[in-house]
Amino acid sequence: MSGKPKLHYFNGRGRMESIRWLLAAAGVEFEECFLETKDDLTKLQKDGSLMFQQVPMVEIDGIKMVQSRAIGNYIAAKYNLYGKDLKERALIDMYVEAIIDLNELLMMHTFQPEDKKQQHFANLVDKATNRYFPVYEKALKDHGQDFLVGNQLSKADVQLLESLLMAEECKPDILDKFPLLQSFKARISNIPTIKKFLQPGSQRKPPLQEKDLQRVMKIFH
Amino acid sequence: MSGKPRLTYLNGRGRMESIRWLLAAAGVEFEEIFLETKEQYEKIIKDGSLMFQQVPLVEIDGMKMVQTRAILSYIAGKYNLYGKDLKERALIDMYVEGIIDLMQMILMFPFSPPEAKEKNLDSIKERATNRYFPVFEKVLKQHGQDFLVGNKFSWADVQLIEAILAVEEKVPAVLSGFPQLQVFKIRMSNMPTIKKFLQPGSPRKPPPDEHYVETVLKIFRK
């Protein structure tokens with residue numbers, strides 16, 4: 001056994017991507033085991049590896065962890081990305097929970113049927129630019145530090161960067177009105193571990209294409 | 001100011017109920033402000049109280065906390081309901097997240113269209129019986145202890161007792177195949193702080209009814 005965390009998921013972003021981001025940001029090398037068919041999932045379910053019969057599942061420190069938030073919290077705490085005390089953790093949690101809500105919208109974009117796509121996109125852009133981004137723009141402005149919470153890199157910074165990049169994939173000029181988010185994006189992208197993750201050949205996954213949709217649905221349904 | 005946490009939400013369970021449970025279980029008294037009109041809701045959005053324009057909102061220790069999980073984690077951390085180390089926390093988080101998925105189905109149930117209600121009820125029963133309850137039945141059987149994690153009362157226990165009671169309201173015999181959970185339910189219900197919360201007149205809210213659904217739609221629908 002290599003001792004490296006081992007990620008079980010399909011070969012795509014989904015609910016595992018944020019975990020890949022966190023591990024990469026923490027400079028932790030990891031292995032991946034990709035589910036390709038329904039049988040792959042069934043096998044994991046049958047052998048008792050999946051507590052609630054679902055992936056993501058991450059084998060780490062002798063535990064078969066499931067539930068993306070539980071996994072994210074564990075990695076953040078273990079690698080010092082969770083603030084210095086309970087109150088910083090509370091702020092990080094608030095920021096991250098909202099980012100997760102935004103990411104749901106961003107991820108669902110690909111799955112929308114043709115007749116709902118435009119409305120979904122409009123809602124996505126509205127929420128991103130009116131509900132979520134202003135909060136982080138203001139936090140950076142008020143706080144005046146390089147990072148969202150305290151003065152060190154945390155899970156909140158990593159998840160926000162992930163989200164900003166995904167949002168730009170949906171609408172390239174979406175950050176136009178947010179100068180501090182733009183400089184945040186540049187700054188955090190340049191952190192060595194993150195810079196490495198953003199380079200071709202890393203374990204970062206591309207956005208799901210419509211042509212892959214059927215293949216992924218077959219695994220889970 | 002009283003120093004007690006102050007909860008702002010509708011006068012009903014929704015996403016605030018788990019927070020009420022956890023505070024109550026920790027023996028923490030709290031105050032509540034109930035949103036009854038759209039205007040009230042718009043007012044607290046305008047005054048900047050809601051970080052993402054959403055409730056639940058819990059004012060606690062000088063913070064205006066939003067996002068249910070953030071609030072629950074803070075309370076668990078503060079009142080020593082989060083295990084003794086990182087690994088216990090991981091286990092508590094996994095259990096809680098699974099239960100929250102089940103609770104989500106119950107949360108959404110009153111809002112499902114009439115023609116979907118029977119199917120959704122079946123789903124709740126199926127998931128509780130086949131996916132979630134067996135996990136906790138097995139955990140309790142294997143370690144033979146009173147509590148889910150680390151032989152100590154934690155957030156996971158509170159979340160589970162809440163879920164058991166919520167599912168039983170809809171599927172009365174749901175625990176029939178789960179002897180450990182039946183004993184767990186009695187044991188938890190008898191813990192002094194929880195017993196108090198389960199008595200009439202406590203801040204515990206009744207199951208959602210038509211009036212609650214109407215209020216939600218009135219306040220939150222654009």
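Per DSSP H run of at least 4 residues, take -39500 (n - 2.57); add these up for the protein assembly as shown, divide by its residues and hand me the 222 nm value, nearest 500 deg cm²/dmol.
It comes out at -17000 deg cm²/dmol, rounded to the nearest 500.
Going by the alpha-carbon gyration tensor, a ≥ b ≥ c the square roots of its eigenvalues, is chain A rounded (a/c under 1.5) or, if a/c is not under 1.5, prolate (a/b greater than b/c) versus oblate? Oblate shape, in that a/c is at least 1.5 and b/c is the bigger or equal ratio.
Restriction of the trypsin sites (Lys or Arg not before Pro) in region A:39-100 to DSSP coil positions whose beta-carbon has at most 13 other beta-carbons within 10 angstrom yields A:K84. With θ taken as phi - 60° and the Karplus curve 6.51 cos²θ - 1.76 cosθ + 1.60 applied, the whole-hertz 3J(HN,Hα) list for region B:30-47 is 9, 9, 9, 10, 9, 7, 10, 10, 4, 4, 4, 5, 5, 5, 6, 5, 4, 7 Hz, x standing for glycine and proline.
Near B:P5, once Lys and Arg are set to +1 and Asp and Glu to -1 for all other residues with Cβ below 9 Å from its Cβ, the sum equals -2.
The accessible-area loss of region A:86-107 on complex formation, taken against its chain alone with a 1.4 Å probe, reaches 40 Å² or more at A:L86, A:K87, A:R89, A:A90, A:M94, A:E97. Derived value for region A:86-190: Kirkwood hydrodynamic radius 14.1 Å. Basis is the mean of 1/r over every pair of different alpha-carbon atoms.
Would you please give the FRET efficiency between B:F111 and A:D146, computed as 1/(1 + (r/R0)^6) with r the Cβ-Cβ distance and R0 = 56 Å, to the nearest 0.05? Could the numbers behind the result be given before it?
On the way: r = 43 Å, r/R0 = 0.76.
It comes to 0.85.
Our note on the geometry: Cα centres of region B:105-131 and region A:24-57, 27 Å apart. Near B:V149, once Lys and Arg are set to +1 and Asp and Glu to -1 for all other residues with Cβ below 13 Å from its Cβ, the sum equals -1. Accessible surface calculations at 1.4 Å, restricted to protein heavy atoms, place the protein assembly as shown at 48 Å² per residue. Here the average projected area of the convex hull drawn through the C-alpha atoms of region B:1-107 stands at 7.3 nm².
Could you tell me how many cubic angstrom of Cα convex hull volume chain B has per residue?
On the way: hull volume 28.6 nm³, N = 222.
Measuring per residue, one finds 129 Å³ for the Cα hull of chain B.
Using only alpha-carbon positions in the protein assembly as shown, the gyration tensor eigenvalues give semi-axes of 32, 28, 23 Å once each is multiplied by 5 and square-rooted (largest first). Pairwise Cα separations in region B:86-191 fall into 5 Å bins from 0 onward with the following percentages, short to long: 2, 12, 24, 25, 18, 10, 5, 3, 1.
With a cap of 15 neighbouring Cβ atoms within 10 Å, and only residues DSSP puts in a loop, list the trypsin sites (Lys or Arg not before Pro) found in region B:49-103. Mind showing how you got there, number by number?
On the way: sites: B:K64, B:R69, B:K78, B:K84, B:K87, B:R89; in loops: B:K84.
Here the sparse-neighbourhood loop sites are B:K84.
Does any residue of region B:106-145 lose at least 40 Å² of accessible area with all protein chains in place compared with its chain alone, and if so which ones (probe 1.4 Å)? With the partner chains in place, region B:106-145 has these residues losing at least 40 Å²: B:R131, B:V135. Taken as Cα centroids, region B:1-33 and region A:95-147 sit 28 Å apart, rounded to the nearest whole angstrom.
In order along region B:209-219, phi translates into HN-Hα couplings of 10, 4, 4, 5, 4, 4, 4, 4, 5, 5, 6 Hz, rounded to whole numbers, per the Karplus curve 6.51 cos²θ - 1.76 cosθ + 1.60 with θ = phi - 60° and x for Gly and Pro.
Here the accessible area of the protein assembly as shown is 53 percent carbon and sulfur, with a 1.4 angstrom probe and all protein chains present.
Mind checking A:61-69 for the average number of partner chain beta-carbons within 10 Å of each residue's beta-carbon? Don't skip to the end; give the middle numbers.
Details: counts 3, 1, 4, 1, 4, 3, 9, 1, 7.
Partner-chain Cβ atoms within 10 Å, mean over residues of A:61-69: 4.
Computed from phi, the 3J(HN,Hα) profile of region A:63-73 under the Karplus parametrisation 6.51, -1.76, 1.60 (θ = phi - 60°) reads 10, 8, 7, 10, 6, 4, 5, 4, 5, x, 4 Hz, with x in place of Gly and Pro.
Taking the Cβ of B:Q67 as the centre, find all other residues whose Cβ is under 10 Å away and add up their charges (Lys, Arg: +1; Asp, Glu: -1).
On the way: positive: B:R15, B:R69; negative: A:D93, A:E97, A:D101.
Combined, the nearby Lys, Arg, Asp and Glu give -1.
Checking the table A:K155/B:K78; A:K6/A:K38; A:K78/A:K138; A:K116/B:K218 against a 22 Å threshold on Cα-Cα, which pairs fail? Each step should come with its number before you reach the end.
On the way: A:K155/B:K78 20 Å; A:K6/A:K38 20 Å; A:K78/A:K138 29 Å; A:K116/B:K218 24 Å.
Check vs 22 Å cut-off fails for A:K78/A:K138; A:K116/B:K218.
Ligands, DNA and RNA excluded, the heavy atoms of B:T37 present near 50 Å² of accessible surface to a 1.4 Å solvent probe. Burial of accessible area (probe 1.4 Å, heavy atoms of protein chains only) in region B:34-62, relative to its chain alone, reaches at least 10 Å² for B:M51, B:F52, B:Q53, B:Q54, B:D61.
Kindly compute the accessible surface that chains A and B hide from a 1.4 Å probe when together, both sides summed, and give it to the nearest 100 Å². Chains A and B together bury approximately 2900 Å².
The values are calculated or read from the model by the stated rules, or taken from the named source; none is laboratory data. Please read these numbers as outputs of a predicted model, since none were measured by experiment. Reconstructed Cβ throughout: ideal geometry from the backbone, glycine too, with neighbour counts over all protein chains shown. Areas reflect the complete protein model, heavy atoms only, side chains present, ligands, DNA and RNA absent. Shrake-Rupley method; radii C 1.70, N 1.55, O 1.52, S 1.80 Å.
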